[in-house]
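Trainee: One structure is given below, represented as structure tokens, and several questions about it will come after.
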Amino acid sequence: MKTRPAGSGGHADWMGSLCPALTSLPLKYLAVPGSHDSFSFWMDEQAPVAPDQKPAVRRLATVFRLLARKVMKKWSVTQNLTFREQLEGGIRYFDLRVSSRPGEDSHEVYFIHGLFGHKVRDGLADIDAFLDSHHKEVVFLDFNHHYAMEEAHHHYLLCMLTEVFGSKLCRTSVVEDITLDYLWDRKFQVLVFYHHLWAEGSPLMWPGAKIAAPWANTTDTAKLIQFLETTLGERPKHGTFHVSQAVLTPCLSTVIRGLLGGLRKYLVEKNLPTIMTWVEAQKPGVSGVNIITSDFVELVDFANTVIRLNDLLLSKRAVT
């Protein structure tokens, strides 16, 4: 499958370019492209195996060391583009999993997916730099998994988020009140969802319950599509954003069969056309899609396909 150029498609300012009829709609009714395990474009093969892995996998990695980590990297990397490249290509939702790192005395936190990635601080700085030059673009940062983190780590990360984004952070509010016009008027550009008790009560951290992201956990494309349809039909009418995770999840037997091929070659490339056919058939609105995530967002015209779905909202019937 041919890879599209990094950041291609000219969608760095797509939110700011929407017509007023769309910018006045609740953001939960717009179609927004997102990435799955958004940070995984770089994984550290030299670092210890991350704590999100099962003990058996960590033991194997200890025995086989670098060879095991090279295989793990093939199955842990779900994106090729950096945060900046994803943003320039139109991605506005980021799926983020974080952890402390064993043996470190500091409270530093890192992105993880099987292996350790970059420091969270560095990734946030890249996102903030993009937002500084694209004032009408808005991002969803979904911190949905936390590993090996104590109170001090959470405090460090929460302080970091407020330090990096400052006045760009959107305060928690009624989901239905959040439109692009609302955000622009207040110069808000970042909605942070923090799925942990330590963020409870913070006016700048949206609770995880405000963004539903059901997970199919299957390698079967037909089952994935059925799951996406079912969960869309069950989408709450009020109070949440909604993420359709249009991704396949490898199980142990899948990894063994495609050991050297990796996630992209063995699972994603051959199934992505079918998944994209489902995406193309969707419409946003009250009972439709909101955020849609994908692996390797540059392999097909993913972001542009999702963004174009918003044209359907210009028909009054599509909104109601």
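Trainee: What list of whole percents do you get for P(r) of segment 84-226, with Cα-Cα distances grouped in 10 Å bins up to the one holding the largest distance?
Mentor: 10, 39, 35, 15, 1
Trainee: Could you provide, to the nearest whole Å², the per residue accessible area of segment 150-246 with probe 1.4 Å?
Mentor: Ligands and nucleic acids excluded, the figure is 48 Å² per residue.
Trainee: Quick one: length gained pulling ASP220 to ALA47 fully straight, 0.36 nm per residue minus the C-alpha distance?
Mentor: 59.1 nm
Trainee: Accessible area of segment 209-320 with a 1.4 Å probe: how many percent of it is carbon plus sulfur?
Mentor: Working: 3000 of 5120 Å².
It is 58 percent, rounded to a whole number.
Trainee: So, one more: Compute the Rg/Rh shape ratio of segment 189-242: radius of gyration over Kirkwood radius, all on alpha-carbon atoms.
Mentor: On the Cα set of segment 189-242, Rg over Rh gives 1.09.
Trainee: With the Cα gyration tensor of the chain giving a ≥ b ≥ c as the square roots of its eigenvalues, does the rule (a/c under 1.5 for rounded; else a/b larger than b/c for prolate; else oblate) give rounded, prolate or oblate?
Mentor: oblate
Trainee: So which aspartates and glutamates can LYS283 reach, going by Cα to Cα under 20 Å and dropping same-chain residues fewer than 8 places off?
Mentor: Straight-distance partners of LYS283: GLU176, GLU229, GLU234, ASP301, ASP311.
Trainee: Ok, one more. Greater than 28 Å separation of Cα atoms is the criterion. Which listed pairs, LYS237/LYS265; LYS136/LYS210; LYS28/LYS70; LYS73/LYS223, meet it? Can you show the working numbers first?
Mentor: Details: LYS237/LYS265 38 Å; LYS136/LYS210 23 Å; LYS28/LYS70 39 Å; LYS73/LYS223 26 Å.
Too far apart for the 28 Å limit: LYS237/LYS265; LYS28/LYS70.
Trainee: Next question, about the same structure. For the chain, what is the percent of antiparallel DSSP beta bridges, rounded to the nearest 5?
Mentor: On the way: 6 of 34 bridges.
Expressed as a percentage, antiparallel bridges in the chain total about 20.
Trainee: Taking the Cα centre of segment 217-266 as the origin and placing charges on Cβ (Lys, Arg +1; Asp, Glu -1), which of TYR266, LEU252, THR231 is farthest toward the positive end of the dipole?
Mentor: It is TYR266.
Trainee: Is the shape of segment 244-299 rounded, prolate or oblate, going by the alpha carbon gyration tensor and its root eigenvalues a ≥ b ≥ c, with a/c under 1.5 for rounded and a/b larger than b/c for prolate?
Mentor: The shape class here is prolate.
The values are calculated or read from the model by the stated rules, or taken from the named source; none is laboratory data. The model shown is predicted, which means the values in this text are computed figures rather than measured ones. Neighbour counts are summed over all protein chains in view; Cβ atoms, including those assigned to glycine, are modelled from backbone coordinates with ideal geometry. For the accessible areas, the whole protein counts, side chains as well, though only heavy atoms, and no ligand, DNA or RNA atoms are used. Shrake-Rupley method; radii C 1.70, N 1.55, O 1.52, S 1.80 Å.
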